[in-house]
């Protein structure tokens, strides 16, 4: 079972238990047949787990977008201080849902199924989710004729105006500064002929 599905199942199970829990029996209700733990014999907080592992969770959040529900903000603490597990959970919980929504809004057919592998490849975990990623398109050198042609395409505007600033903010990183060669920019994720 994937870690994401596991986390979703835990969240759904906890939500259902929390929504259905009570502080005790209702006034006038019978406690006959209850076990010492406050549950009726044969019940577990009214949530039957049998078959649950085979059901895909369905999240209905009305018309709110992932951007509205999650928000675009820096991680709770600096990226460099987060453990590998914390980074993975943050990427799955905060970055991936918004990125998937943004990419589908840009091209729903091409980006119908955004996953970790979309950027990091099927072997992302084995490679420590390293970036730049060999699975993303190689970009031409800035200042070249190829770079100029690329900047005229709608995909460039989408990446420059939506994806890069969103992910940069979500990772808590400064914008790329060509003068210093530091910060988050195109070549933070994409391989290319130049370092930046």
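Modelled spin labels at residue 162 and residue 105, positioned 7 Å past Cα toward Cβ, are 0.6 nm from each other.
Approximating the spin labels as points 7 Å out from Cα along Cα→Cβ, the residue 141-to-residue 63 distance works out to 5.1 nm. With the highest mean first, a sort of the peptides 119-127, 93-101 on other beta-carbon atoms found within 10 angstrom per residue produces 93-101, 119-127.
Compactness of the range 66-189 is given as radius of gyration and Dmax, 14.7, 41 Å, from Cα positions.
Taken together, the values in this text are just the output of simple stated rules run on the coordinates, not laboratory data. What you are looking at is a predicted structure, and each value in this text was computed from that prediction instead of being measured. Cβ coordinates were reconstructed from backbone atoms using ideal geometry, including for glycine residues, and neighbour counts include every protein chain displayed.
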